[in-house]
Amino acid sequence: MTQDGVEAVNIDTSKPHPARIYDYLLGGKDNYEVDQQAGDRLAAAAPEARIGVRANRAFLQRAVRYVVGSGVRQILDIGTGLPTSPNVHEVAQSVAADVRVAYVDNDPIVAAHGNALLSRSGTTRIVLGDLRDPRSVLDHPDVRQLIDFDQPVALLLVAILHFLTEADRPAEIVATLRDALPAGSFLVLSHATGDFADRSAAQAVYSDATASLNLRTRAEVERFFEGFDLVEPGLAQVPFWRPDAPPPQHSAEIGFYGGVARKTA
């Protein structure tokens, strides 16, 4: 793996990591052979996997443009994954130059590469933190220095909650984060599903990874939006959420739901 001079510390290369598998499927270079092998097995088990991760990335970019266009100037991106250009701050700041973005991830390689690539303007920061401990993320001094929780915030939970089991209490995690946000804030969320095809074989690829893949139904994903009002078109497969170009072939098979919702009270 090319590391661009970034010191790789505390990185487990014996098991595939979801962020590095995702990077591989996107055509990135920040992955190891074990991640490439897992990505190839995933694509064999779910033929739409590669177009699915690209569609999910495109959804993220459209959603960021939407929330910034709606007036939000702060973004908290938890489970950001490896940097893929255009990054969230690049998309956001192309709409409004004063947007501040705090990235959070629990993988040291993500933090290392993020720190190497982020701008030095003081409007972006990356924090090593874990979604499973949302209070520590919210209270992290680097997050607090950048994000003012008295003003609207866009919370991004994109392709991350499906790596939490029910034992991790994902609904409680989202509720903790929601309750820290003031009115006018947004939740941008996407989540893997098996609603459109049997994806048990794809789940099995993650059985020896650093996190399991936990597919959820539409109803289960919608529950994460409790306390928010979904904006049109509601929860949809990611290629069909406010598309700005014709959806790619086989979009109907893509096993990702995505939605954007606003906190009004």
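The values are calculated or read from the model by the stated rules, or taken from the named source; none is laboratory data. Fair warning: this is a prediction, and the values are worked out from it, not measured in the lab. Please note: Cβ atoms are built from the backbone with ideal geometry, for glycine as well, and neighbour counts cover all protein chains shown. The protein model used for the area step is the full one, side chains on, heavy atoms only, and it has no ligands, DNA or RNA in it. Shrake-Rupley method; radii C 1.70, N 1.55, O 1.52, S 1.80 Å.
Miscellaneous remarks
- Which of Leu82, Thr123, Pro47, positive extreme of dipole for the chain (C-beta unit charges): Thr123
- Where the range 138-265 is the region considered: accessible area per residue in Å², 1.4 Å probe: 44 Å²
- When the Cα gyration tensor is reduced to axis lengths a ≥ b ≥ c, the ratio a/c is 1.5 or higher for the range 137-265, and with a/b not above b/c it is classed as oblate.
- 10 Å beta-carbon shell around Ala197, net charge (K/R +1, D/E -1): -3
- R0 of 41 Å, Cβ-Cβ distance Ala44-Ala219: FRET efficiency to nearest 0.05: 0.90
- Considering only the chain, percent of DSSP beta bridges that pair antiparallel, nearest 5: 40 percent
- Annotation: amide H of Phe256 within the under-5 Å range of Thr193, Val238, sequence separation 5 or more or interchain, hydrogens built in the peptide plane.
- Tensor-based shape of the range 99-192 (alpha-carbon gyration tensor, a/c under 1.5 rounded, otherwise prolate or oblate): oblate
- Sum of -39500 (n - 2.57) over DSSP H runs of 4+, divided by residues of the chain (222 nm, nearest 500): -10000 deg cm²/dmol
- For the range 10-77, the per residue solvent-accessible surface stands at 38 Å², with DNA, RNA and ligands left out and a 1.4 Å probe.
- Near Ser70, once Lys and Arg are set to +1 and Asp and Glu to -1 for all other residues with Cβ below 13 Å from its Cβ, the sum equals +4.
- Between the range 11-67 and the range 168-198, the Cα center-to-center distance that results, in Å: 20 Å
- Ligands, DNA and RNA left out, the accessible area of the chain computed with a 1.4 Å probe is 48% carbon and sulfur.
- Kyte-Doolittle at least -0.5, axis length at least 27 Å by Cα - qualifying DSSP helices, the chain: 49-69
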